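**Q** Below you will find the structure I want to go over with you.
The values are calculated or read from the model by the stated rules, or taken from the named source; none is laboratory data. All of these numbers come straight from a predicted model, not from anything done at the bench. Cβ sites come from the backbone with ideal geometry, for glycine too, and all protein chains shown count toward neighbours. Areas reflect the complete protein model, heavy atoms only, side chains present, ligands, DNA and RNA absent. Shrake-Rupley method; radii C 1.70, N 1.55, O 1.52, S 1.80 Å.
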Amino acid sequence: MHHVGNEGNANNSNRPPKEKEKRLSYVLNNADETKHSAGINCLSLLKSVPSDGFDYLFTGSRDSTLKRWALVDDMPSFSAKFESHVDWVNDVVLVSDNVLVSCSSDTTIKTWNALSNGTCTRTLRRHKDYVTCLATAENDKTVVASGGLGGEVFIWDIEAATAKCNDTMDGDNDNSNGANASGNSLPVTTNSRNNISMDTTETQEYTPIGVEGCKESVYALAMNEEGTLLVSGGTEQVVRVWDPRSGSKTSKLKGHTDNIRTLLLDSTGRFCISGSSDSMIRLWDIGQQRCIHSYAVHTDSVWALASTSTFSHVYSGGRDLSVYVTDLQTRESALLCTEENPIQRLALHDDNIWVTSTDSSVHRWSAEGRNPRNIFQRDNSLLNGNLSLSKARVSLDESTPDPVYKQPTLTIPGIPAIVQHALLNNKRHVLTKDTSGSVKLWEITKGALVEDYGNVSLEEKVEDLFEKVDNIPPWFTVDTRFGCLSVHFDSPQCFLAEMYSEDLNIVGKTKDDKVNMGQETLKGLFGDWLRKRKQRMECAAPSNGELVPGKDIGIRNHTPSSIDGSCDTNAFEFSDISFVSIITEGSHGGQWGKKLTHLDGTEDEKDFPGWLLECLLNDSLPFCNENTNTK
C-alpha cells in the first residue's frame, strides 16, 4: 500500500512565481580516499623539493579532487588530497614551489598551499561558465591566465589577487593540518584532513585583466616563459595571440578545421604547436603569422601535447588512444605507446612521460625524453609527417605501427569509476555499474551499499529487482559524473513522495503512518549535524536563556520547539557518514561542499538553502504543508 503526495500542490497557481530554489546534493565518496575515482583531466610536476629532495606529481580529476604523489625511488605514494572544488577539476599549474592553482567546472579558480596536506588558500570568482584551462609564465611566478566555456580569458596576478582578499578569507584558509606557515613541512599521510569548505569568498577588490575580442569557448591556453605572449584556442578554430600585459589581441592564426584542444609555446614565444579535433598537429611561426608544418599523425582528436625543452620533438595523444613522438624538423613520427582510454594529458619527466586518460589511473611510460632520437634509431615503424591527412590515414589503416613500448613502467592505480546507473521503480534503490563491470545496489534513503552482484548484466538485474508498486513520483535525481553516486534534492519535488511505514518495514511506527521520503531522508542525512547543533546551543546558552555575544549559531526565525535541535526517531538512518559529502548553495552565493563529519553545528544559516532549514528545524515542508502529514 503506497500513498503519493499531491503533485499539483507544488504548482499552485495562486502563489507568485519564485526564484528557483537552491539544490542540495549528497555524494557517496569511495572509501579509499588515496585514489581517484574518475578520469584524470590534468597533471603538473614539481621537481626536487629542497626540504626532502622528492619530486611530486599533482593530478586533478573528474572526481572533483586533486592529489599529490611523492615520487620516491620509482615508487609513487599518495601524499595529500586537495578538496574544495565541487565539480570536475579541469586544469592545474604550479606558479611557484609553494603555490598550486586549479580551475574547475564549478566556475572557480582556487589557489593552494602545494606543500601542505591540502590547504586551499583562496577562491577566485570571475568566470560565468566552466573554467577549462590555465597557463602560466615559467619566469614570472605570479602570472596565470584562465579560459573557459563562457568565451572569457582573464590574466591574473596571483600575488595581488590573493593579497586583496585577506579580509574575506575562505573558511579553509588555515595551516592547522600539519604544515607550517611557510609550507615547508610536508608529512606524507594517507589520511589527510578533508578541506572541502563552505566557500563564499568574492574577490571584489581585485579585478583581473580581461582579454578583448574573445568570441567563443576556450579549450586551451599557453604562455611563453616571460609572460609577454599568450595564445588561446577553442571552438573558434583559430589560434588567437594576445598580449597578456594589456589583454589586447595581436593576431590570429587560421588553418584548423575543428576545435583547437591543446597548445604549446616555445620558451621565446616564437613558435606555437596546436592540436585539434580535426586530428592535425600544426607548427606555427608567431612572428610570420603562418603555419610552417602540419603533421598528420593521429586518426582522431588531438587532446594533449608535451614538448622537449629544446622544442625539437613533440609528444601527442588524444582520442585515438595513442601517444606519438614527432621530430618537428624531419617530420617523422613513431608510435610510443597506446592506452585503453582516450588520453587527456601528457607531462615529460626526465626520460619518462606521465599519461592521464578518461580512466582513473595514471601511467608512466619510457619516452627517451632527454634524447628522443634514440626512439627513431630503433627498428620500429615510422610515420611520414609529410603525407597528406588522407594518405596518412590510409597508411595507418593499412599497416598499424607497433608501439615502441608495450607496458608502462609505473602505474598509479585508481578506483573503477561508476559509469552507468538505473533507478529502480520503487524510487528508493539505484543500480550502478563501474568500469570493471561490477554491478551494485544502493539504498538512497540510507546512503548505503546494499549488495555487490559482481559482473552481471545491469539490464537483467533491473528486471530481476522489478517490484509491483503504485506509481511513486520522482523525488530525487542521481548522476555519476564524479565516478561515484551523487544524489540531488530539489524543492519542492523532493517532498512529493510518501509511503506507508508498513511498506517500508519501519520499526516503531504504526502501519498507517505516512512517511515523507524526502524529509525523512534529509533528517537521516543531517542527524549527526542536528545532534552537534543541539550540543553547541546548550554550551552557548547561559542559564538566563540569552545567547553569549559572538555565539550566534543560527537559531533566528525558528520556532522554540525546533531550536533545541531535537527530533523524533528518524525513519531512515545513515549508519556511516564518514565518506558522505554534501554540496549545496545558500543565500551568500556560490556553491560549497563539505564532508558531513566536518559539519560542527556552528554553520551560518545563510550557507544552507532556506527550504532545507525549514525541513530540518521547523518540521515544515515548502509548498506541501496543506497536504503532507510529517512525523
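**Q** Assess whether residue 479 counts as being surrounded by fewer than 15 Cβ atoms within 10 Å (Cβ to Cβ), more than 30 Å from residue 83 (Cβ to Cβ) and assigned by the TED database to the domain that holds residue 582. Before the answer, list the steps.
**A** Values: surrounded by fewer than 15 Cβ atoms within 10 Å (Cβ to Cβ): yes; more than 30 Å from residue 83 (Cβ to Cβ): no; assigned by the TED database to the domain that holds residue 582: yes.
Taking the combined requirement at face value, the residue does not satisfy it.
**Q** Still on this structure, I have one more. Failed condition for residue 85, given (1) part of a strand (DSSP E or B); (2) open to solvent by less than 10 Å² (accessible area, probe 1.4 Å), with all others met?
**A** Result: residue 85 fails condition (1) only.
**Q** Moving on to the next point. Restricting attention to region 69-91, which residues are under 15 Å from the mean Cα position of the chain (by Cα) and either modelled with pLDDT under 90 or within 27 Å of residue 261 (Cβ to Cβ) (or both)? Break it down stepwise before answering.
**A** The first filter runs over region 69-91 and keeps only residues under 15 Å from the mean Cα position of the chain (by Cα), leaving 81-91.
Within region 69-91, 82, 84, 85, 86, 87, 88, 89, 90, 91 meet the criteria.
**Q** A further question follows. Where the second residue is of a type in the set (Ser, Thr, Tyr) and outside any strand (DSSP E or B) and the first is under 11 Å from residue 41 (Cβ atoms) and open to solvent by 10 Å² or more (accessible area, probe 1.4 Å) and lies in region 338-363, which pairs have Cβ atoms under 7 Å and are six or more apart or on separate chains?
**A** As it stands, the answer is 344/358, since those pairs meet every condition given.
**Q** Further question on the same structure: Quick check, is residue 506 at pLDDT 75 or above and in a loop (DSSP other than H, G, I, E, B)? So that I can check it myself, show each step before the final result.
**A** On the way: at pLDDT 75 or above: yes; in a loop (DSSP other than H, G, I, E, B): yes.
Yes.
**Q** Can you confirm whether residue 260 is touching a His at 6+ places or on another chain (Cβ under 8 Å) and of a type in the set (A, V, I, L, M)? Can you show your working first?
**A** Numbers: touching a His at 6+ places or on another chain (Cβ under 8 Å): no; of a type in the set (A, V, I, L, M): yes.
No.
**Q** Within region 432-445, can you find the residues that are part of a loop (DSSP other than H, G, I, E, B) and either hydroxyl-bearing (Ser, Thr, Tyr) or modelled with pLDDT under 95 (or both)? Show your work before the answer.
**A** Let us first name the residues in region 432-445 that are part of a loop (DSSP other than H, G, I, E, B), namely 435-437, 444-445.
Within region 432-445, 435, 436, 445 qualify.
**Q** So, one more: Give the residues of region 463-503 that are closer than 30 Å to residue 434 by Cβ, polar (S, T, N, Q) and not in a loop (DSSP other than H, G, I, E, B), sorted by residue number.
**A** Matches in region 463-503: 477, 486, 493.
**Q** Now for a separate question. What's the number of the only condition in (1) charged (D, E, K, R); (2) surrounded by 18 or more Cβ atoms within 10 Å (Cβ to Cβ); (3) in contact with a helix residue (DSSP H, G or I) (Cβ under 6 Å, 6 or more places away or on another chain) that residue 520 fails to meet?
**A** (3)
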